[in-house]
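J.: Structure incoming, see below.
The values are calculated or read from the model by the stated rules, or taken from the named source; none is laboratory data. Computed from a prediction, not measured in an experiment: that's the story for all the values here. Cβ coordinates were reconstructed from backbone atoms using ideal geometry, including for glycine residues, and neighbour counts include every protein chain displayed. All accessible areas refer to the heavy atoms of the entire protein, side chains included, with ligands and DNA or RNA removed. Shrake-Rupley method; radii C 1.70, N 1.55, O 1.52, S 1.80 Å.
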Amino acid sequence: QAHSRVVSALIHLGNVGKGLEYAQRVGYSPDFLGLLSQRASAGAGQEFAGKLLQARLLEPGQVVDLFVSLNLIQEATSLLLELLQHNRAEEGALQTRLLAMNLKAAPQVANTILEQGMFSHYDRAVVAELCEQAGLYQRALEHYTNTKDMARVIVHTNMIPQEALAAHFCRVDAEQGLACFKAMLMTSDPKLSLGIAVQFTDKMGACNLYPLLQQAGISLQGVFAHAAELDGLLRSDKIREAAMFAARSPTLRSLDTIQRFQTMPHRPGLSAVMQYFQTCKETGKLNQVETVQLCRPAVQQGKTEMLRKWWDASKLEDSEELGDMIWAADPQWALQIYIKSQAHSRVVSALIHLGNVGKGLEYAQRVGYSPDFLGLLSQRASAGAGQEFAGKLLQARLLEPGQVVDLFVS
């Protein structure tokens with residue numbers, strides 16, 4: 001009449017129903033957590049826990065609490081890995097628990113779990129802090145979103161693989177990147193710092209990077225030497241010379257340089273940035289970034305005549321973005337830009353919108369493009385021009401009315 005042992009044995013043998021029936025017959029109320037504790041202390045807890053969980057006689061959190069209290073971290077980990085294998089959103093708290101207990105007791109196990117990307121619903125802030133405490137600086141860097149936290153962690157460059165550093169600078173925005181780069185310079189190998197600077201010059205800007213390199217005593221070369229020279233000319237208020245120097249230096253033809261000219265104090269006559277654009281035009285043509293930066297304010301102010309003259313003279317770089325800016329002012333001109341930049345979806349969309357459905361389909365066939373008419377309508381609708389476009393698609397029987405209604409409702 002060892003009731004607890006009878007119930008425990010029946011459950012362990014897979015006869016959960018018989019165990020509960022026996023308990024009811026003899027008037028015994030099983031303490032399932034106590035039974036599990038006995039089994040776990042005897043080294044047979046994991047399988048027994050699985051049976052209790054399967055029969056919903058205990059909650060996963062109860063089992064984990066018990067295993068952790070008995071210092072059975074490995075058993076708790078194995079159990080949770082099996083329970084959480086489907087990566088469900090409602091299991092986020094258990095995912096956090098699994099990672100947290102291993103980050104405290106077995107950091108390399110947690111590192112392996114994170115490396116394999118098994119879970120996506122855990123508390124990233126909690127895990128980031130625990131990763132840092134455990135010395136897993138790469139994982140901490142991958143999880144932190146606050147710039148100060150990133151900058152604090154990234155100084156441990158000797159413990160973060162170079163490819164992970166590069167991935168970090170790819171992931172963050174320019175402002176966060178500069179803050180992290182500044183922190184990194186304090187402790188990292190100069191060669192590593194220079195490599196990151198060169199790799200992400202376009203993103204963070206040569207004019208922003210070169211003073212940091214200079215302060216760190218790293219000799220300037222290539223684009224950074226050019227950026228330093230440009231900065232010197234601008235500081236001396238030699239706008240024309242600075243514009244000429246930048247226009248003739250391919251590595252400086254970037255958004256960073258444009259923004260540098262935009263911050264110059266206003267003087268009578270042409271602004272510093274317009275002098276830069278004029279100089280680029282005189283020495284060749286504006287690249288895509290320069291074209292977009294020149295055209296955006298001009299289009300907003302309705303000053304498209306100058307832009308059209310520059311475009312007719314092949315001084316502007318065609319792109320889908322440029323066509324999108326011009327569309328509201330001059331759809332026919334935008335269509336020409338789309339065609340020149342080989343923006344096939346925009347060409348087809350523009351031709352249909354202008355009533356040339358046949359030409360749109362003919363163009364698509366000629367260039368080997370298969371239009372996603374529902375996707376094209378979605379783009380137009382998001383821009384507030386969906387109704388008229390939908391009418392043209394329905395008239396040409398390229399979509400069914402139900403598809404259009406479903407899209408508009410969604």
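J.: Just to be sure I understand, how many residues within the stretch 152-179 are over 13 Å from E142 (Cα atoms) and hydrophobic (A, V, I, L, M, F, W, C)?
T.: Final tally of qualifying residues: 5.
J.: I'd like to check something: does the stretch 269-289 contain any residue that is farther than 18 Å from W310 by Cα and of a type in the set (V, I, T)?
T.: No.
J.: Could you pull out every one of the helices (runs of 4 or more DSSP H) wholly within the stretch 258-330 that has 2 or more residues that are within 29 Å of the chain's Cα centre (by Cα) and either surrounded by fewer than 17 Cβ atoms within 10 Å (Cβ to Cβ) or touching a residue at least 24 places away in the same chain (Cβ under 8 Å) (or both)?
T.: 288-300, 320-327
J.: Further question on the same structure: So which of D237, D231, D202 ends up being assigned to a loop (DSSP other than H, G, I, E, B) and closer than 20 Å to R260 by Cα?
T.: Details: D231 fails: assigned to a loop (DSSP other than H, G, I, E, B); D202 fails: assigned to a loop (DSSP other than H, G, I, E, B).
The unique qualifying residue is D237.
J.: Kindly establish whether E142 is farther than 26 Å from K203 by Cα, in a helix (DSSP H, G or I), of a type in the set (D, E, K, R) and open to solvent by less than 70 Å² (accessible area, probe 1.4 Å).
T.: So E142 fails the test.
J.: Got at least one residue in the stretch 363-386 being among the hydroxyl-bearing types (S, T, Y) and within 27 Å of C295 (Cα to Cα)?
T.: yes
J.: Another question, if that's okay. Based on this model, can you work out whether Q403 counts as within 26 Å of E321 (Cβ to Cβ) and not small (G, A, S)?
T.: So Q403 does not fit the description; no.
J.: Name the pairs: first residue in the stretch 115-132 and farther than 20 Å from E90 by Cα and open to solvent by 70 Å² or more (accessible area, probe 1.4 Å), second residue assigned to a helix (DSSP H, G or I) and not acidic (D, E), Cβ to Cβ under 8 Å, at least 6 apart or on different chains?
T.: Between residues of the stretch 115-132 that are farther than 20 Å from E90 by Cα and open to solvent by 70 Å² or more (accessible area, probe 1.4 Å) and residues that are assigned to a helix (DSSP H, G or I) and not acidic (D, E), the close pairs are E129/A140.
J.: Kindly evaluate I339 against the criterion of being modelled with pLDDT of 90 or more, over 30 Å from S271 (Cβ atoms) and part of a helix (DSSP H, G or I). Steps first, please.
T.: Numbers: modelled with pLDDT of 90 or more: yes; over 30 Å from S271 (Cβ atoms): yes; part of a helix (DSSP H, G or I): yes.
For I339, the condition - modelled with pLDDT of 90 or more, over 30 Å from S271 (Cβ atoms) and part of a helix (DSSP H, G or I) - is met.
J.: Might you let me know whether the stretch 10-22 holds any residue that is among the β-branched types (V, I, T) and modelled with pLDDT under 75? Break it down into steps so the answer makes sense when it comes.
T.: Initial filter on the stretch 10-22 (among the β-branched types (V, I, T)): 11, 16.
With the extra rule that they be modelled with pLDDT under 75, the set shrinks to 11, 16.
Scanning the stretch 10-22, I find at least one residue that is among the β-branched types (V, I, T) and modelled with pLDDT under 75, so the answer is yes.
J.: Something else about it: Out of the residues in the stretch 338-373 that are surrounded by fewer than 16 Cβ atoms within 10 Å (Cβ to Cβ) and touching a residue at least 24 places away in the same chain (Cβ under 8 Å), which is nearest to D324 (Cα to Cα)?
T.: Q342
J.: Let me ask something else about it. Being more than 36 Å from the chain's Cα centre (by Cα) and of a type in the set (A, V, I, L, M, F, W, C) is the filter; apply it to the stretch 230-257 and report the residue that is surrounded by the most Cβ atoms within 10 Å (Cβ to Cβ).
T.: Of everything passing the filter in the stretch 230-257, I239 is surrounded by the most Cβ atoms within 10 Å (Cβ to Cβ).
J.: Of the conditions (1) open to solvent by less than 20 Å² (accessible area, probe 1.4 Å); (2) over 18 Å from S249 (Cα atoms); (3) in a helix (DSSP H, G or I), P211 clears all except one; give me its number.
T.: In the conditions (1) open to solvent by less than 20 Å² (accessible area, probe 1.4 Å); (2) over 18 Å from S249 (Cα atoms); (3) in a helix (DSSP H, G or I), P211 misses (1) alone.
J.: Next up: Do the conditions hold for A179, that is, is it modelled with pLDDT of 90 or more and over 28 Å from S249 (Cβ atoms)?
T.: For A179, the condition - modelled with pLDDT of 90 or more and over 28 Å from S249 (Cβ atoms) - is not met.
J.: Here's a check for you: in the stretch 362-387, which residue that is part of a loop (DSSP other than H, G, I, E, B) and not acidic (D, E) is farthest from the chain's Cα centre (by Cα)?
T.: So the residue we want is G368.
J.: Does E82 satisfy being modelled with pLDDT under 95 and in contact with a Pro (Cβ under 9 Å, 6 or more places away or on another chain)?
T.: For E82, the condition - modelled with pLDDT under 95 and in contact with a Pro (Cβ under 9 Å, 6 or more places away or on another chain) - is not met.
J.: A further question on this structure: What number of residues in the stretch 94-114 are touching a Gly at 6+ places or on another chain (Cβ under 8 Å) and surrounded by fewer than 19 Cβ atoms within 10 Å (Cβ to Cβ)?
T.: Within the stretch 94-114, residues that are touching a Gly at 6+ places or on another chain (Cβ under 8 Å) and surrounded by fewer than 19 Cβ atoms within 10 Å (Cβ to Cβ) number 1.
J.: Quick one: would you say A89 is within 23 Å of A167 (Cα to Cα), without any contact (Cβ under 8 Å) to a residue 60 or more places away in the chain and of a type in the set (A, V, I, L, M)?
T.: Taking the combined requirement at face value, the residue does not satisfy it.
J.: Next question. If you scan the stretch 239-288, which residues turn out to be under 27 Å from V198 (Cβ atoms) and hydroxyl-bearing (S, T, Y)?
T.: S249, T251, S254, T257, T263, Y276, T279, T283
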